[in-house]
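Below: the structure, in structure tokens.
Bear in mind that the values in this text are calculations on the coordinates, not laboratory data. Small disclaimer: the values here were computed from a predicted structure and weren't measured. Please note: Cβ atoms are built from the backbone with ideal geometry, for glycine as well, and neighbour counts cover all protein chains shown.
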Amino acid sequence: MAGLVSAFSGDLIASPKTADVLIVPLDEEGKIAGDEEFGGKKILQYWPESLSDNKPANWQSRDIPGAPLPLYQWVSGGERPLSFTANFSRDMDGDVGSEVDEDKHNVDIDAAIAWLRMLASNDYRAVGDMQLAVAPPTLWLMFMGTKLGYNDNASVPKVDSYTSDSGVYCILNSVDVERVDWFPSGRPRFANVSLSFLETMQIGAGVYPYGRSGMKAIADKYTRTPSE
């Protein structure tokens, strides 16, 4: 799909001088989906200015008569939303891919928006005389060089050669678009797309929970301790 920089060129992923945000759609088996279904794996045009990553714990309070504080019972881990704004821009008017070459500073903004919204949208599949709804895909989201993943479940499917701490399995929860400026042709010049993802342990037909051991493997590298 013209409009996004493709991540298929190995030099973009392997280059030590290039850090990108990679989004990989997965099929119903948890494997990388084919190009014909979601357009393949792609990188965003620019690195976001910030990434919000929240992870609460769910505790149930129990009031004790006469006690100064309630007791707390741990129930479960809470949702982990990851959100950021993806910026898209172009400096030349014309049809990207035919009239105008695509490059780092010139992409088809409408195509980029449509691709992201497709990743948050369902589809329908014919089963006999019925049309059954098919859920949006699970995604692999990776901020190259940033350790976002903690799922060290030995059975969790792997995405190519990427390690478990380089990204997260997630679903795209919302896509909010702000088009900022236009060319005389009506093509947008800039767009800010607010994206909200939710980490998931549902991958393909399986469920892969994980504990804190994957976090500890990373946390052990933080060695600041008080002086004696």
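Structure data summary
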{"item": "Matching label, mean projected area of the Cα convex hull in nm² computed from the structure shown, candidates (i) 20.5; (ii) 16.6; (iii) 19.5", "result": "(i)"}
{"item": "Order of Ser61, Ser89 under a 10 Å beta carbon neighbour criterion, fewest first", "result": "Ser61, Ser89"}
{"item": "Full-stretch length increase - Ser213, Ala133 - with 0.36 nm per residue and alpha-carbon distance subtracted", "result": "25.1 nm"}
{"item": "Flagged links, alpha-carbon separation over 23 Å, of Lys147/Lys221; Lys31/Lys147; Lys42/Lys104; Lys55/Lys221; Lys41/Lys221", "result": "Lys41/Lys221"}
{"item": "Relative contact order of the range 52-168, pairs being alpha-carbon contacts under 8 Å that are 6 or more residues apart, as %", "result": "14"}
{"item": "Nearest-0.05 FRET efficiency for Lys147 and Asp103, computed from C-beta distance (R0 35 Å)", "result": "0.70"}
{"item": "Fewest-first ranking of Trp47, Trp115, using other Cβ atoms within 10 Å as the exposure measure", "result": "Trp47, Trp115"}
{"item": "Tensor-based shape of the range 126-202 (alpha-carbon gyration tensor, a/c under 1.5 rounded, otherwise prolate or oblate)", "result": "oblate"}
{"item": "Selected from Phe84, Trp74, Asn192, residue furthest toward positive end of dipole (the chain; charges at beta carbon)", "result": "Trp74"}
